[in-house]
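Here the structure is laid out as structure tokens; the discussion comes afterwards.
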Amino acid sequence: MHSKEQISHDDYQKTADWLMSQTKHRPQVAIICGSGLGMLADTLKCQDSFAYSDIPGFPQSTVQGHAGRLVFGELKGKTCVCMQGRFHMYEGHSLCKTTFPVRVFKLLGVETLIVTNAAGSLADGLQPGDIMIIKDHVNFPGFVGLNPLSGPNDDKFGPRFPAMSGCYDKGLRSTAMEIGKQLGVAGLMQEGVYAMVGGPNFESIAEARLLHRLGVDAVGMSTAAEVVVATHCGLRVFGLSLITNKVVKSYEDSDSVNHEGVLEVGRLRSQTVQQLVTELVSRMEINNNTAI
Ligand SMILES: O=P(O)(O)O[C@H]1O[C@H](CO)[C@@H](O)[C@H]1O
């Protein structure tokens, strides 16, 4: 299923055209809300919102904590589009379906993608409630050929062999750390490496130890595929992980992770994440690129 499904340029364009016929907003920034972080969309003013089920070509969200709504609106003078709910491989979507909205955003004229997620920490210095600014990722599904860019390349979006070095914008990363200081939450923030795994099960102890040894700081079941597609089509990317749990790495540890706990940490930190993202958007420079 993963390698065979193809989505044509026309399919992305039809969805983008439909959205442009339904809203006057022309977004410059897109935000993908992670598990329990859907409230990021609530900060948008003058909202137009669409249930995924009403948008032609859009996949459907099936995960608790992912409302399944696309929200357009204004945030600090920038026009934004916010995904309240993302798509994951483990829901049964092909990777090109999970990343479908990213190319639609490109066609809408978006220049910058902000990805957020809930993640478990491997790094000893990252505690639940901390915010990890993503400096790089390990795309584990890609190692075995599960890549949203598999199949014929669509040259209108980007090159056959895109570079992934520097895919998390350095300037936005340092601005976010600055903002953290000004908000008084610098102690909660650090940069780190995110790894995407397929899920839906959480990691075994041996898997957790392996990830830790490989230099992974936090692990989740999303994001890297979206960032690969965004980087391929030239979007500037900023990513953050809200650390919702520590991944169990010891056979002596009786802790166990569950999705409700993940959502709960999202609720507890919602205001801080909201303030950080709002201030980052406010400081962003926009080039007004035209849509391809
Ligand atoms: O990556 P997001 O969508 O934030 O969600 C994370 O939280 C869920 C597990 O609790 C998984 O879907 C994992 O990927």
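Remarks
- Of all the listed residues (106, 24, 97, 14), the sole one being closer than 30 Å to residue 170 by Cα and more than 16 Å from the ligand (Cβ to nearest atom) is 106.
- When the criteria are applied in full, residue 61 fails the requirement of being of a type outside the set (A, V, I, L, M), farther than 16 Å from residue 110 by Cα, at pLDDT 95 or above and not in a helix (DSSP H, G or I).
- Subset of region 129-153 [more than 19 Å from the chain's Cα centre (by Cα) and touching a residue at least 24 places away in the same chain (Cβ under 8 Å)]: 145, 150, 151, 152
- Only residues that are within 11 Å of the ligand (Cβ to nearest atom), at pLDDT 95 or above and assigned to a loop (DSSP other than H, G, I, E, B) were counted across region 239-290, and they come to 0.
- Selection from region 1-26 of residues that are touching a strand residue (DSSP E or B) at 6+ places or on another chain (Cβ under 8 Å) and surrounded by 16 or more Cβ atoms within 10 Å (Cβ to Cβ): 19, 23, 25
- Looking only at residues in region 27-44 that are at pLDDT below 95 and away from the ligand (no atom under 16 Å from the Cβ), the one that is surrounded by the most Cβ atoms within 10 Å (Cβ to Cβ) is 43.
- Selected residue [of a type in the set (Ser, Thr, Tyr), in contact with a helix residue (DSSP H, G or I) (Cβ under 6 Å, 6 or more places away or on another chain) and surrounded by fewer than 21 Cβ atoms within 10 Å (Cβ to Cβ)] from 278, 244: 278
- Pairs, first closer than 18 Å to residue 155 by Cα and modelled with pLDDT of 95 or more in region 6-19, second of a type in the set (Asp, Glu) and in a helix (DSSP H, G or I), C-beta under 9 Å, six or more apart: none
- Tally, over region 114-132, of residues that are among the polar types (S, T, N, Q) and closer than 20 Å to residue 169 by Cα: 2
The values are calculated or read from the model by the stated rules, or taken from the named source; none is laboratory data. Values in this document were obtained by computation on a predicted structure and should not be read as measured data. Reconstructed Cβ throughout: ideal geometry from the backbone, glycine too, with neighbour counts over all protein chains shown.
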